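The values are calculated or read from the model by the stated rules, or taken from the named source; none is laboratory data. Every value quoted in this text rests on a predicted model; they were computed, and no experiment measured them. Glycine also receives a Cβ, built like all others from the backbone with ideal geometry; neighbour counts cover every protein chain displayed. The area values use the complete protein model at the heavy-atom level, side chains included, leaving out ligands, DNA and RNA. Shrake-Rupley method; radii C 1.70, N 1.55, O 1.52, S 1.80 Å.
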Amino acid sequence: MAWFRAGSNVAKLAIRRTLSQTSSYVTRAQIAPAQNRYFHTTVFRSKAQAAPVPRPVPLSRLTDSFLDGTSSVYLEELQRAWEQDPNSVDESWDNFSETLLARPPHHLGFRVKQFKRVCDCYCLEFFVGVWRMAGFLSENRPVQTLRAILTRLEQAYCGHIGYEYMHIADREKCNWLRDKIETPTSTQYGRQRREVILDRLIWSTQFENFLAAKWTAAKRFGLEGCETLIPGMKEMFDRSADLGVESIVIGMSHRGRLNVLGNVVRKPLRQIFSEFSGGTKPVDEVGLYTGTGDVKYHLGTSYDRPTRGGKRIHLSLVANPSHLEAVDPNKNMGVLIHGDGSFAGQGVVYETLHLSALPNYTTGGTIHIVVNNQVAFTTDPHAGRSSQYCTDVAKALSAPIFHVNGDDVEAVVHACELAAEWRQTFHSDVVVDIVCYRRFGHNEIDEPSFTQPKMYKACTCVIRNHPSALEIYQKKLLESGQVTKEDISQINSKVTSILNEEFLASKDYVPKRRDWLSAYWGGFKSPEQLSHPVKPEILKNVGKAITSLPGNFKPHRAVKRIFEDRAKMIETGEGIDWAVGEALAFATLLVEGNHVRLSGQDVERGTFSHRHAVLHDQETGEIYCPLDHVMMNQDEEMFTWEAKWLRQTGLVVLLPHGYDGQGPEHSSARLERFLQMSDDNPYVIPEMDSTLRKQIQECNWQVVNVTTPANYFHVLRRQLHREFRKPLIVMAPKNLLRHKDCKSNLSEFDDVEGHPGFDKQGTRFKRLIKDQNDHSDLEEGIRRLVLCSGKVYYELDEERKKVGGKDVAICRVEQLCPFPYDLVQRELKRYPNAEIVWCQEEPMNMGAYSYIAPRLGTAIKAVGRGTVDDIKYIGRAPSAATATGFYQVHTKEQNEIVQKAMQPEPLD
């Protein structure tokens with residue numbers, strides 16, 4: 001009786017009030033001879049009859065409540081019986097029903113009709129919920145006995161897969177899962193399918209055994225204890241291909257990586273074995289950057305793999321974990337493989353989960369596979385997380401979670417297939433938690449019993465005596481009669497034979513390509529190439545497009561004024577500021593058919609309210625992006641670059657940097673850390689001839705600290721107009737965004753010879769900007785050459801004008817890495833008698849000084865001007881903090897820097 005369950009509390013309150021004011025009650029103990037037990041019965045009597053009865057027991061003291069949900073069926077029968085014949089029930093129930101349903105007193109606070117209406121609503125809500133449910137509660141299912149339903153539910157929910165989905169608020173998704181889980185019969189695989197699963201499990205197990213036998217003392221971070229991951233992944237990919245997926249990008253950590261590389265992505269086994277034997281650098285790529293290599297369990301590869309269903313699917317295992325951004329999520333899929341400790345403990349997991357459904361970041365659903373060893377390196381679960389399961393963080397995103405016993409390969413396969421179907425149906429994240437174990441330590445030469453003695457102690461080792469997943473599955477198949485010992489022996493012999501053949505071939509294996517690092521790029525152009533200069537008329541046209549707003553658009557009045565000022569900049573060709581220079585770079589790249597994606601916090605408006613790339617109508621809230629309207633049919637040209645990039649990255653990172661007295665957290669982008677990771681040799685000057693130089697190709701990235709809107713424009717465009725890709729780290733200015741002197745003319749952006757800024761280098765990105773005074777090629781009267789980078793230049797130049805320091809030259813090193821040896825040497829020769837100074841705002845132990853000093857010393861030595869000891873340093877003293885938090889202290893320090901750079905006396 002639904003209304004009894006739903007209205008339990010209301011009824012209890014009503015009964016207490018009724019009984020206390022209209023009747024007395026007693027508890028009568030009766031002995032039931034058959035059962036020899038005491039039963040409590042409440043008997044109602046009128047007040048006239050109440051005197052002789054024993055002392056009453058309050059209702060609240062009764063040990064059994066007749067209003068509990070467990071009594072609902074009994075109560076329902078009592079109600080039906082009372083409605084047909086009130087005399088057929090016990091006197092107490094007659095009184096209760098008569099009082100509550102037939103003639104309720106006024107003090108109950110509601111009428112009978114009102115109470116029935118409430119009960120009907122509860123009843124309706126309850127049954128509507130049932131009727132709309134799928135699975136065994138669906139009205140479309142055939143009638144089954146309760147025993148049969150319970151048996152099947154136990155099979156579905158109490159077996160080797162535990163499903164978590166009741167946290168999902170979407171009824172459609174829950175019903176979809178119920179239909180998949182609560183099937184009339186459990187999932188059974190036929191003989192042919194089981195043979196495929198067995199073959200894949202043998203490959204997974206034999207691969208680890210082979211590596212363990214050949215390289216007993218090598219770290220390989222094997223998959224022992226979770227060998228079922230391989231058949232699970234392969235079945236997941238086969239099912240995904242059947243559902244339309246054409247490309248899968250996999251990101252994973254090191255555990256099991258070699259097995260995934262060899263058995264899933266199909267990296268040549270001889271190559272893996274060669275890497276175990278030491279490996280060699282790739283050959284036949286004379287003069288090209290091949291990188292330093294990496295340990296074998298960190299490498300990646302890609303492969304076009306046939307599927308069980310006869311299709312082909314492209315698999316890529318990236319060298320580092322990543323989130324796939326797919327153009328078409330129906331055809332492209334991301335798979336991330338985690339450890340249990342990392343899934344619960346790494347903040348990046350939770351952060352990327354929360355990006356998963358954002359319109360501009362969604363991957364169309366990522367499948368997360370957790371290799372749950374139940375220990376994270378040496379940390380037990382109770383010491384590594386507060387939640388019950390390591391996957392509980394995924395509940396915040398309403399992702400279904402399938403916990404599966406890693407010993408049951410068919411359960412793992414089923415969970416992986418179900419995950420693939422979910423992803424292709426709902427295009428949202430899903431988690432497969434393979435609950436397994438780690439047969440050895442964190443690596444094969446690690447001793448796990450130091451921290452987990454009960455799990456790994458030799459005499460009582462649970463893990464060591466536990467049969468492998470392959471042994472368990474072989475036993476199951478033999479007992480079923482579907483597979484014979486001869487069948488198993490044949491598969492084992494085949495796998496062993498192939499592994500031995502590949503091992504012998506690995507001894508003569510020579511890598512021919514850098515497939516784990518980047519694809520080969522022929523036709524490298526010199527960095528001296530023009531940054532694809534733009535014609536003046538194109539600059540004018542796109543400039544008008546990005547500074548114009550629709551007539552019916554109502555921007556904020558301050559934004560309207562900004563765009564009016566920008567339109568004047570384009571019209572006059574003068575005073576182009578930082579934001580317009582950036583917008584022109586993006587707009588001209590779009591016109592040329594390139595894709596531009598700007599991502600990060602506050603990028604639409606700009607952290608310092610300077611960009612305004614996306615505007616909001618102040619009345620309707622609608623948005624307008626000027627960069628979306630620089631040409632006709634723009635969207636059709638958006639993704640032409642993807643066929644070229646392969647695995648090289650041309651990522652541009654804009655990091656706010658500059659000392660403005662805003663404290664340690666708002667001054668430094670930690671320039672020194674990026675420079676510290678740069679891999680160019682500080683004591684060897686590379687080939688610097690403009691037609692032969694490959695300095696940037698052979699360096700791992702570029703780090704710049706530019707000082708003009710035009711140079712910023714050119715360095716952005718240079719990123720795409722090279723036929724190779726290198727990451728670009730930009731120390732983005734703050735106060736230069738609106739600095740009165742940080743302006744460029746439109747003529748510095750175009751390709752017209754003779755325009756300002758078109759010097760011997762041409763209109764291109766300038767790695768070094770020479771002194772802006774009219775100096776000749778030889779200036780013997782200059783007493784000091786100050787080399788600097790970034791916004792401190794403007795403060796130095798202002799101080800120079802203030803003191804009239806015409807005998808001081810200031811040159812800006814715009815590209816810090818790779819170091820512009822040729823241009824620095826040019827300036828050293830121009831000022832043969834000058835003191836050589838490096839000036840920076842940052843403390844001595846930060847900023848560019850530690851990177852610049854040895855390279856500048858090498859350049860000085862090469863032109864016969866001395867050694868690194870002849871470099872004078874001007875800047876803040878070494879400090880633990882990046883900057884002071886006191887504005888007055890900052891101002892004092894800044895003044896001391898620029899004044900020292902211009903002092904007439906020689907520097908100490």
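Observations, loosely collected:
- Accessible surface of ARG597, taken over heavy atoms with a 1.4 Å probe and every protein chain present, rounds to 100 Å².
- Annotation note: chymotrypsin sites (Phe, Trp or Tyr not before Pro) in the range 657-689 located in DSSP loop regions with a Cβ neighbour count of at most 10 within 10 Å are TYR683.
- Take the range 167-208 with all the other protein chains still there, run a 1.4 Å probe, and you get 46 Å² of accessible area per residue.
- Accessible area of the range 188-248 belonging to carbon and sulfur atoms, whole % at 1.4 Å probe: 44
- Cross-linked pairs LYS568/LYS766; LYS806/LYS872; LYS180/LYS395; LYS311/LYS331; LYS234/LYS485: Cα-Cα separations exceed 22 Å for LYS568/LYS766; LYS234/LYS485.
- Residue among PHE749, PRO843, SER789 farthest towards the positive dipole end of the range 739-852, charges placed on Cβ: PRO843
- Residues ASP429, ASP660 ordered from highest to lowest accessible area at a 1.4 Å probe: ASP660, ASP429.
- Of the trypsin sites (Lys or Arg not before Pro) found in the range 179-255, those in coil by DSSP whose Cβ has at most 15 other Cβ atoms within 10 Å are LYS219.
- Accessible-area rank, largest first, for LYS331, LYS806: LYS806, LYS331, with all protein chains present and a 1.4 angstrom probe.
- Qualifying chymotrypsin sites (Phe, Trp or Tyr not before Pro) for the range 151-221 [loop in DSSP, other Cβ within 10 Å: at most 16]: TYR189, TRP215
- Protein-only accessible surface order, largest first, of HIS629, HIS595 at 1.4 Å: HIS629, HIS595
- Between SER548 and VAL803, the distance separating the two model label sites (each 7 Å from Cα on the Cα→Cβ line) works out to 5.1 nm.
- The DSSP beta bridges internal to the range 769-877 are antiparallel in roughly 5% of cases.
- In the complete set of protein chains, residue-level accessible area for LEU778 is approximately 90 Å², probe 1.4 angstrom.
- For LYS861 and SER776, a Förster radius of 22 Å and the Cβ-Cβ distance give a FRET efficiency of 0.30, rounded to the nearest 0.05.
- Each Lys and Arg Cβ is given +1 and each Asp and Glu Cβ -1; about its Cα centre, the range 335-437 then shows a dipole of about 340 debye.
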